[in-house]
Amino acid sequence: MRESGTPVVPVFVNAVHPPAPSPARCYAFGQAMRRVLERDFAAERVVLCASGGLSHFSPSHPWAHHVGSRYVGDISIEFDRRAVAWMQAGEGHRLAQFSSRELIEHGEAELRQWIVLLGAVGTARPEFLVYEPLYRSIMGMGVGWWSLS
């Protein structure tokens, strides 16, 4: 990207270390980011990226704050599929209703990045969104693409 002359502004969301932002706060941050982009950069092409695995319980999971019965190697497939179905339906706001406890319980700490993005895309449905539980990598993986132009 350096040679392209395209500015890149990384935004990091604390996903693991308390006090991590609540899903509702992440969604509101995404909404605020969209308002700024629409107001100040309406004539520009902007790409937003969110990164983070879906459910996973790795040795780096915040075990000191863990609740629930899951352990290293588990994948919360039902929870992942519910979240992905809401995204596919353009109902990303529903993910903002999760509690931080639910995210920890289902190994979804990194879902906060997705929730920020969902706040920015609003009710748009993805053009492409796929989910697979990857047992060898011990995590639920998803890839999505929203085009708002």
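Readers should treat all values here as calculations from the given coordinates under stated rules, not as data from a laboratory. The structure presented is a predicted model; accordingly, all values stated were derived computationally and were not measured. Using ideal geometry, Cβ is built from the backbone for each residue, glycine included, and neighbour counts are taken over all protein chains shown.
Observations
- Taken residue by residue, segment 16-33 has at least one member that is out of contact with any Ser or Thr (no Cβ under 8 Å at 6 or more places or on another chain), assigned to a loop (DSSP other than H, G, I, E, B), under 18 Å from VAL116 (Cβ atoms) and without any contact (Cβ under 8 Å) to a residue 24 or more places away in the chain.
- Subset tally (residues that are touching a residue at least 12 places away in the same chain (Cβ under 8 Å), small (Gly, Ala, Ser), exposed (fewer than 14 other Cβ atoms within 10 Å of the Cβ) and assigned to a helix (DSSP H, G or I)) for segment 72-97: 0
- Checked against the criterion of being within 15 Å of VAL116 (Cα to Cα) and loosely packed, with under 12 Cβ neighbours inside 10 Å, the candidates SER69, SER100, SER51 yield just one match: SER51.
Rundown of residues vs (1) under 20 Å from TRP63 (Cβ atoms); (2) outside any strand (DSSP E or B); (3) of a type in the set (Lys, Arg), yes/no style:
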residue	(1), (2), (3)
GLU102	yes, yes, no
ARG112	yes, yes, yes
ARG125	no, yes, yes
LEU129	no, no, no
PRO133	no, no, no
ARG136	no, yes, yes
SER147	no, yes, no
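- The set of residues in segment 106-126 being over 13 Å from ARG25 (Cβ atoms) and either surrounded by fewer than 18 Cβ atoms within 10 Å (Cβ to Cβ) or touching a Phe, Trp or Tyr at 6+ places or on another chain (Cβ under 6 Å) (or both) consists of HIS106, GLY107, VAL121, GLY122, THR123, ALA124, ARG125, PRO126.
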